[in-house]
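Q: I am attaching a structure below and will ask some questions about it afterwards.
The values are calculated or read from the model by the stated rules, or taken from the named source; none is laboratory data. Since the model is a prediction, treat every value here as computed from it, not as a measurement. Every residue, glycine as well, gets a Cβ built from its backbone with ideal geometry; the counts of neighbours run over all protein chains shown. Just so you know, the surface numbers come from the protein's heavy atoms only, side chains and all, with ligands and any DNA or RNA stripped out. Shrake-Rupley method; radii C 1.70, N 1.55, O 1.52, S 1.80 Å.
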Amino acid sequence: MTAANIQVSLISRLSDILKDMPLNLPYNDTSSFKIFRHKIPERLNKEYDYSKKDTHADVYPFCIVKIDTGEKKSNADMEKITFNIIIGVKNEGLEGEGYDDVMACIQAIWSNINENPVLDKKYLFEYPLTWVLDDGEVDTHPFYYGVIQLNFRTNSMMRIGGNIHEEFQK
């Protein structure tokens with residue numbers, strides 16, 4: 001099992017969690033969450049030209065599922081893989097409603113993972129679960145962001161038999 005396999009499973013789970021996510025928008029925008037691997041796609045052609053205001057609906061609201069770190073302490077141990085889910089919403093409300101949207105998204109993910117901590121019957125969620133909102137030092141209105149960090153444990157490939165150091169010295 002690899003981090004990429006978990007990432008694909010996590011994207012599928014997020015799609016289910018967020019498919020009917022109600023956002024606190026002052027207008028009736030029913031845009032569903034877009035979920036991207038690693039980053040928002042490059043602007044290689046007109047389909048992905050995000051520089052114009054009218055293309056924001058092509059991106060927002062979104063989640064980016066990034067592989068952050070991995071750790072395996074010994075050959076026999078399970079591998080721990082950490083993912084950052086970056087959440088971005090657009091909300092033109094003037095009283096910080098975008099933060100409410102981001103927090104609602106974080107809470108929906110948190111609740112779902114807490115209720116069912118096993119992903120695809122193979123990957124076990126492990127606490128701590130951490131989250132953060134953008135610090136607000138830079139005014140990004142009407143765009144609001146947050147990150148939730150999830151850890152999963154999984155079996156990984158193990159070397160069985162032989163001494164790897166002896167084999168490389170041959």
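Q: Taking the condition among the aromatic types (Phe, Trp, Tyr) and either at pLDDT 95 or above or more than 21 Å from the chain's Cα centre (by Cα) (or both), does Phe62 pass?
A: Answer is no for this residue.
Q: Among the numbered criteria (1) modelled with pLDDT under 90; (2) more than 22 Å from Pro22 (Cα to Cα); (3) open to solvent by 40 Å² or more (accessible area, probe 1.4 Å), which one does Ser156 miss?
A: The failed condition is (3).
Q: Output the number of residues of segment 83-108 satisfying the condition of being open to solvent by 10 Å² or more (accessible area, probe 1.4 Å) and not small (Gly, Ala, Ser).
A: Summing the residues that are open to solvent by 10 Å² or more (accessible area, probe 1.4 Å) and not small (Gly, Ala, Ser) in segment 83-108 gives 11.
Q: Sticking with this one: Considering Ile81, Ile35, Ile106, which residue is modelled with pLDDT of 85 or more and out of contact with any Ser or Thr (no Cβ under 8 Å at 6 or more places or on another chain)?
A: That would be Ile106, the only listed residue that is modelled with pLDDT of 85 or more and out of contact with any Ser or Thr (no Cβ under 8 Å at 6 or more places or on another chain).
Q: In addition: Quick check: anything in segment 117-136 over 25 Å from Thr2 (Cα atoms), modelled with pLDDT of 90 or more, in contact with a strand residue (DSSP E or B) (Cβ under 7 Å, 6 or more places away or on another chain) and not basic (Lys, Arg)?
A: Scanning segment 117-136 turns up at least one residue that is over 25 Å from Thr2 (Cα atoms), modelled with pLDDT of 90 or more, in contact with a strand residue (DSSP E or B) (Cβ under 7 Å, 6 or more places away or on another chain) and not basic (Lys, Arg).
Q: Another one. Name the pairs whose Cβ atoms lie under 7 Å apart, with the first residue in segment 74-89 and over 30 Å from Tyr60 (Cα atoms), the second among the polar types (S, T, N, Q) and open to solvent by 50 Å² or more (accessible area, probe 1.4 Å), and 6 or more positions between them or separate chains?
A: Met78/Asn155
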